[in-house]
Amino acid sequence: MGKSKEILRGAEIFIRSLKDEGVKHLFGYPGGAVLHIYDELYKQTDIEHILVRHEQGAAHAADGYARATGKPGVVLVTSGPGVTNTVTGIATAYMDSIPLVVFSGQVPTKLIGNDAFQEVDAVGITRPCVKHNFLVKDVKELASTIKKAFYVAMSGRPGPVLVDIPKDVTADSCEYEYPETVDMRSYRPVVKGHPGQIRRAAELILSANKPMIYSGGGVILSEASEELIEFTRYLGYPITNTLMGLGGYPATDKQFIGMLGMHGTYEANMAMHHCDVLIAIGARFDDRVTGDLEKFCPYAKIIHIDVDPSSISKNVPVDIPIVGDVKHVLKDLNAILRDHKSKPDAAAIKPWWDQIKEWQGIDCLKYDRKSKIIKPQYVVEKLYELTKGDAYVTSDVGQHQMWAAQFYKFDKPRRWINSGGLGTMGFGLPAAMGVKKAFPDAIVACITGEASLVMCIQELSTCLQYGLPVKIINLNNRYMGMVRQWQEFFYAGRYSHSYMDALPDFVKLAESFGHVVMLVDKTSDVEGALKEALAMKDKLVLMDFITDQTENVYPMIASGKGQHEMHLSPERELA
Amino acid sequence: MRHILSLLLENEAGALSRVSGLFSARGFNIESLTVAPTEDPTISRMTLVTSGSDEIIEQITKHLNKLVDVIKVIDLSESKHIERELMLIKVHAKGTAREEIKRLNDIFRGRIIDVTDSTYTVEMTGTGDKLDAFIGSLDEKEILEVVRSGVSGISRGEKAI
Ligand SMILES: Cc1ncc(C[n+]2csc(CCOP(=O)(O)OP(=O)(O)O)c2C)c(N)n1
């Protein structure tokens, strides 16, 4: 049928466009401005609408869906409060370059600017946290704008796009035709890297004595894992991943030396500090990675591959910039390396590996495995073992997030789903819900803290309605742990408002939402409880682990320190 | 260092706010900004005067290019170019001052475009420095109002954006 030119109403065009775009799931919440669209949704079955309980949940769920599948996450909300509720979710996706397409209803065009009921300047409010946004003023532009929105969200450096649709546009009619391609003269993202630069990079890479590969979320976004593995294995160089890049390179591989950054491993940060050639791939030199810029990688020549030119030399001056899609650039680079007359020289870098092994010997992630009080790290480790590293793990923000990143070894991309850039508490549960919708048969675990969990707890209700049996691992330390940790270290233990004085009874809470709950307060019960919960494939299980209140995340680079100035635990300070 | 950036962008509602929003969000300076449609009504041309180190100008250019509505960005200050600014200035013109202002206006090659018993309104184009010099040559107390367009720029020779 494809090109039949029927006359359709805007609301029908909306649905047809999504179908033609291949959208299967839509996370949303109705309201006045989108009622025509909801009426059309009612009449069809191709697109499943998941009714969230708060629009923030819709954005995070769509975001989780996008991170796990690589497809765009799609959101539909009403005007005014509907769209303002999504802003945190949109900003979360923006910071991590996640493709979302958010459709918001708007008051009728003739009322725009009139302070009409539930009017808000959605385009204005979201402008600083979207890749792009559109206001559709005429039904004739609806289909082509939707096409553009998906194209912009998915191409180049991905990101969220908002499309604001006034109610009258969904009522008006016109001929329907969904464009097959998009050509925007003002938007032509680069794909291929500059061949000359790639050749220069290859020379430098092969000349290194203390090489280091530092790869980030860009590898995952561009599906470049395979190319990265080929690159790294061929060279035999050590590799670290950022928080966003975990899973881009298999964590159990012997060349992987752990995550880097504020709570990264000692060996990864030391290797960063001492390397002579740094190969940054789809990573953006975030301040949580670099520490004090003055002290960052003082001995290294730096190669930086990134699709976004504005990420290059933003924080750290780069010697060889390569702008292009990471997958394409790595393909070209791999080919050049293979054909190169010099081969990687294992002997030349052996002293470097010896040094790294010495750093690894410090065992920086050591914790008290014998503790009777549940150590949060232990729970994550057990979850890792029981799921054989193959679960989708979402998280919130705080200590639990760092422990999840440190102790769950991700061997595959798109398995680790967290808000790295914005650091949004409340992300974990709705994101898990989105992942479970995409992969109903997979194990989806949300590792969270009791403070984060309650920020979007209402989504337990959505999980019940749509049968989304995620496993919630609540590492309950009765504190905003990460805040408490900083207050312990930097504010002489003045725990200002970081203590949760009136926590809900999570058992009753989850039961009231119709889910299964387990309260676990002994280390010896952890494994059994996890097994039991994982066996309940069709039940959402909230596991409330009562963990050690005083546990801190180590190692740690304090703000303003260099990567070589890490702290291990207080008992184990380095000389 | 001062730079004059010239941009082509989609002539769409919101394009200007994307540019100005970028500057405020990232803490870049804007000294002046002018924008109007080109011979192709779907495209606007913007001239933006900013200042900063080479690294900052590089970031500004990259971020402008990243905006989905921006078609092209060039840094006019990198090569030979012409810059002009339009000023409308209303001054008290009474007694001896009246003759003096007219004389100054001739020296600076302005045009008196509105006259009353007590005022002149002068139209003047030139570089920012020239307009500054004209203002400087007047008695501050005589100036009633000044309207400046901000800089427009174009490259010299056959080169076009
Ligand atoms: C929406 C939001 N508000 C505030 C913060 C600041 N913040 C970062 S971590 C944290 C505490 C998190 O506590 P919890 O979820 O219990 O996790 P824990 O650190 O105890 O593991 C806070 C308040 C944030 N990241 N997000």
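The values are calculated or read from the model by the stated rules, or taken from the named source; none is laboratory data. Remember, predicted model here, so these are calculated numbers, not experimental data. Cβ placement follows ideal geometry from the backbone for every residue including glycine, while neighbour counts extend to all protein chains displayed. Please note that ligands, DNA and RNA were not included when accessible areas were found on the heavy atoms of the full protein model with its side chains. Shrake-Rupley method; radii C 1.70, N 1.55, O 1.52, S 1.80 Å.
Could you compute the longest span of chain A free of GluC sites (Glu not before Pro) located in DSSP loops and having at most 11 other Cβ atoms within 10 Å, not counting the site residues?
A:181-572
Testing the spin-label approximation: label points 7 Å from Cα along Cα→Cβ at A:HIS497 and A:GLU511. State their distance in nm.
Placing both labels 7 Å beyond Cα along the Cβ direction yields 3.4 nm.
Return the carbon/sulfur percentage of the accessible area of the protein assembly as shown, one whole number, probe 1.4 Å, all protein chains in place. Please list the in-between numbers first.
Details: 16260 of 30990 Å².
Of all accessible area on the protein assembly as shown, carbon and sulfur atoms account for 52 percent.
How much FRET efficiency would the formula 1/(1 + (r/R0)^6) give for A:GLN44 and B:ALA13, where r is the Cβ-Cβ distance and R0 is 45 Å, rounded to 0.05? Before the final figure, lay out the partial values.
Details: r = 33 Å, r/R0 = 0.72.
It comes to 0.90.
So if I place +1 on the C-beta of Lys and Arg and -1 on the C-beta of Asp and Glu, and nothing else carries charge, what would the dipole magnitude of the protein assembly as shown be about its Cα centre? I want it in debye, nearest 20.
Working: 84 positive and 95 negative charges, 245 e Å.
Dipole size: approximately 1180 debye.
Greater than 27 Å separation of Cα atoms is the criterion. Which listed pairs, A:LYS331/B:LYS72; A:LYS19/B:LYS62; A:LYS147/A:LYS331; A:LYS24/A:LYS140, meet it? Walk me through the numbers on the way to the answer.
Values: A:LYS331/B:LYS72 29 Å; A:LYS19/B:LYS62 35 Å; A:LYS147/A:LYS331 29 Å; A:LYS24/A:LYS140 24 Å.
Too far apart for the 27 Å limit: A:LYS331/B:LYS72; A:LYS19/B:LYS62; A:LYS147/A:LYS331.
Roughly how many Å² is the accessible area per residue of region A:126-194, as a whole number, for a 1.4 Å probe? Walk me through the numbers on the way to the answer.
Values: 2870 Å² over 69 residues.
In whole numbers, region A:126-194 has 42 Å² accessible per residue.
Which percentage, to the nearest 5, of the DSSP beta bridges contained in chain A is antiparallel? Mind dumping the intermediate values first?
Working: 6 of 69 bridges.
Counting DSSP beta bridges with both partners in chain A, the antiparallel share is about 10 percent.
Can you check what the net charge comes to around A:ASN114, using other residues whose Cβ is under 15 Å from the Cβ of A:ASN114 (Lys, Arg +1; Asp, Glu -1)? Don't skip to the answer; put the middle values down first.
Values: positive: A:LYS110, A:LYS167; negative: A:ASP115, A:GLU119, A:ASP121, A:ASP168.
Taking every other residue near A:ASN114 into account, the sum is -2.
Please give the calculated 222 nm ellipticity per residue for chain B, where each DSSP H segment of at least 4 residues contributes -39500 (n - 2.57) and the sum is spread over every residue; nearest 500 deg cm²/dmol?
Working: 4 runs with 47 residues, N = 161.
For chain B, the value works out to -9000 deg cm²/dmol.
Cα centroids of region B:86-135 and region A:508-530: how far apart, whole angstrom?
Distance between centres, Cα-based: 83 Å.
Placing +1 at every Lys and Arg Cβ and -1 at every Asp and Glu Cβ, with all other atoms neutral, what dipole size does region A:150-210 have around its Cα centre, in debye to the nearest 20?
Working: 8 positive and 8 negative charges, 180 e Å.
So the dipole magnitude of region A:150-210 works out to roughly 860 debye.
Which trypsin sites (Lys or Arg not before Pro) in region B:75-141 pass both tests, a DSSP loop state and at most 13 other beta-carbon atoms within 10 Å? Could you put the intermediate results ahead of the total?
Working: sites: B:LYS80, B:ARG84, B:LYS90, B:LYS94, B:ARG98, B:LYS102, B:ARG103, B:ARG109, B:ARG111, B:LYS130, B:LYS141; in loops: B:LYS80, B:LYS94, B:ARG109.
Listed in order of number, the matching sites are B:LYS80, B:LYS94, B:ARG109.
Can you list residues from other chains, or at least 5 along the same chain, whose modelled amide H is less than 5 Å from the amide H of A:GLY105?
The answer is A:VAL77, A:THR78, A:SER79, A:ILE165.
What are the trypsin sites (Lys or Arg not before Pro) within region A:21-109 that DSSP puts in a loop, where the Cβ has at most 10 other Cβ atoms within 10 Å? Provide the component values of the computation, followed by the final result.
Working: sites: A:LYS24, A:LYS43, A:ARG53, A:ARG67; in loops: A:LYS24, A:LYS43, A:ARG53.
Passing both the DSSP loop test and the Cβ count: A:LYS43.
I'd like the trypsin sites (Lys or Arg not before Pro) in region A:81-185 restricted to DSSP loop residues with at most 15 other Cβ atoms within 10 Å, sorted by number.
Values: sites: A:LYS110, A:LYS131, A:LYS137, A:LYS140, A:LYS147, A:LYS148, A:LYS167, A:ARG185; in loops: A:LYS131, A:LYS137, A:ARG185.
Those satisfying the criteria are A:ARG185.
Hey, what number do you get for chain A at 222 nm if only DSSP H runs of n ≥ 4 count, each worth -39500 (n - 2.57), divided across all residues, to the nearest 500? The partial results should precede the final answer.
On the way: 23 runs with 210 residues, N = 575.
Calculated at 222 nm, the ellipticity per residue is -10500 deg cm²/dmol.
How much accessible area per residue does region A:220-308 have, in Å², with a 1.4 Å probe?
Details: 2570 Å² over 89 residues.
Heavy-atom accessible area per residue stands at 29 Å².
Express in whole angstrom the spacing between the alpha-carbon centres of region A:46-120 and region A:206-280.
Measuring centre to centre over Cα atoms gives 35 Å.
Once phi is turned into ³J(HN,Hα) by the Karplus curve 6.51 cos²θ - 1.76 cosθ + 1.60 with θ = phi - 60°, what whole-Hz value does each residue of region A:93-106 show in order, with x for glycine and proline?
Taking θ as phi minus 60°, the curve returns 5, 4, 5, 9, 6, 9, x, 10, 10, 10, 9, 10, x, 9 Hz for region A:93-106.
Need one value for A:309-320: mean number of C-beta atoms belonging to other chains within 10 Å of its residues' C-beta atoms. All intermediate terms of the calculation are to be shown ahead of the outcome.
Working: counts 7, 10, 2, 3, 4, 5, 0, 0, 1, 0, 0, 0.
That works out to 3 on average.
Can you list the HN-Hα couplings for region A:450-458, worked out from phi with the Karplus curve (6.51, -1.76, 1.60; θ = phi - 60°), rounded to whole Hz and with x for Gly and Pro?
5, 6, 5, 4, 6, 5, 9, 4, 4
In region B:6-26, which residues give up 20 Å² or more of accessible area once the other protein chains are added, compared with their chain alone (1.4 Å probe)?
Residues passing the criterion (a loss of at least 20 Å², heavy atoms only) are B:GLU10, B:SER17, B:ARG18, B:ARG26.
What does the structure give for B:60-69 when I average, per residue, the other chain Cβ atoms found within 10 Å of the residue Cβ? Intermediate results must be reported in sequence, preceding the final value.
On the way: counts 1, 2, 8, 4, 1, 3, 9, 4, 12, 4.
Mean partner shielding for this stretch: 5.
With every protein chain kept in place and ligands, DNA and RNA left out, what is the accessible area per residue of region B:1-85? Probe 1.4 Å, answer in Å². Could you put the intermediate results ahead of the total?
Details: 3980 Å² over 85 residues.
That works out to 47 Å² per residue.
Grab the other residues whose beta carbon is less than 9 angstrom from that of A:ASP46, score K and R as +1, D and E as -1, and report the net.
Details: positive: A:LYS19, A:LYS24; negative: A:GLU48.
Neighbourhood net charge equals +1.
Quick one: Cα centre-to-centre distance for region A:126-170 and region B:32-55, in angstrom?
Answer, in whole Å: 24.
May I ask for the accessible area buried between chains B and A, both sides summed, probe 1.4 Å, to the nearest 100 Å²?
Roughly 1400 Å² of accessible surface disappears when B and A pair.
How do the peptides A:83-95, A:533-545 rank, highest first, by the average count of neighbouring beta carbon atoms within 10 Å per residue? Present the calculation step by step, with values, prior to reporting the outcome.
Values: A:83-95: 24.7, A:533-545: 18.7.
Taking the mean over residues of other Cβ atoms within 10 Å, the ranking is A:83-95, A:533-545.
Can you give the local net charge around A:LYS192? Use residues other than it whose beta-carbon is closer than 13 angstrom to its beta-carbon, Lys and Arg +1, Asp and Glu -1. Don't skip to the answer; put the middle values down first.
Numbers: positive: A:ARG188, A:LYS327, A:LYS331; negative: A:ASP325, A:ASP332.
Spelling it out: positives minus negatives among the neighbours equals +1.
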